[in-house]
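What follows is a set of notes on a single structure, which appears directly below.
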Amino acid sequence: MMAEFKERVKTEAEELVTAVFPKKVTELDDLLRTGVFANKDLNELHIDLKIPVPHALGDKINCDEKPTKKRRLEAIENDLGSPVYALPLGVSPCNEHIVGIIDTMKPHIQGLVNHTNKLKMWIQFLIPRIEDGNNFGVSIQEETLAEVRTVEGEAASFLDQISRYFITRGKIISKVAKYPHVEDYRRAINELDEKQFISLQLVCCELRNSYSGLHDLITKNIEKIKKPRNLHPHNLY
C-alpha cells in the first residue's frame, strides 16, 4: 500500500514539474499581459456604495445662538454618529471588479498550495537514510525542500490577505453608513479597492514567478534530487 502511494506521488510530482508548471506560467503571464490586469485604469474600479448623503440641516441651525446645557449634551450624543438600522437603498455591494479578479485568482492560489504540498512529499520520499559522508546530493534535496515550503507558506498567506481586505472594507463601509457626510471615508473605500487591485496583480506576478522558479530549480538539479548519493563516492575526488 505504502509503496503504491509513494510511486503515485512520484509520478504525479514529476508530471507537475515537466508539464503542469510550464502551463501555469503561461496562464498567469497571459493574465498579466492580456487578462483582467491588462491596461486597467484604477478609476474604473470605483463603484457606487448605495449609501446616499442625507440632506444638510441648513438654516435649521442657528450658529449665533448660545448653546444651552441640553443642546451641548445633544451635540455630544451626535458626535457618536447616526444610528444605522437599515440602508435606504438596500445592501451596500462589494466591488464587483475586485470580486471578479479574486474569483479568478483563488483557484490559482489554491493550485499552488496543492502542488507545493505534493512536491514536498515527493522530495521527502527521495531523501535517503542518514549516513556519514557523500551528502552533497542530500543537501540539494534539503535546499529544494526548503524553497518549496517557503513558496507554500507565501501562497497560503495570499488567501489570508483576501479575507483581510473584505474585513477592512466592511469596517469602512460601516463608517460611511454611520457618518455619511464624511467624504474621507468614501474616498478610503476607493483607495482600498485600488490597493487591493494592485496587491492582486502582485500576487499574480508572485504565483507566476514561483512556478517558474520551482521549475527552474528542480529541472536543473533533477539528477541530484532523484539520486542524491553517488554509488561510487571515490569518483568525487
Residues of type aspartates and glutamates that K171 reaches as a straight line, Cα spacing below 16 Å, ignoring anything fewer than 8 places off in the same chain: E183, D184, E191, D193
16 Å tail of the calculated P(r), the range 134-235, as % of Cα pairs: 69
Starting from the Cα of K224, draw a straight line to each of the aspartates and glutamates and keep only those under 20 Å, dropping any in the same chain fewer than 8 residues away. E7, E12, E14, E15, E131, D132, E142, E143, E147, D216
Rounded to a whole number, what % of the accessible area of the range 103-215 do carbon and sulfur atoms account for, probe 1.4 Å? 53
Diffing the range 109-115: the Karplus 3J(HN,Hα) column from phi (6.51, -1.76, 1.60, θ = phi - 60°), in whole Hz with x for Gly and Pro, holds 5, 4, x, 5, 4, 5, 5
Which of K6/K118; K23/K227; K24/K226; K23/K220; K120/K227 exceed 20 Å between C-alpha atoms? The answer is K23/K227; K24/K226
With every protein chain present, what is the per residue accessible area of the range 132-237 (1.4 Å probe, Å²)? 58
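The values are calculated or read from the model by the stated rules, or taken from the named source; none is laboratory data. Values in this document were obtained by computation on a predicted structure and should not be read as measured data. Heavy atoms of the whole protein, side chains included, go into the accessibility calculation; ligands, DNA and RNA do not. Shrake-Rupley method; radii C 1.70, N 1.55, O 1.52, S 1.80 Å.
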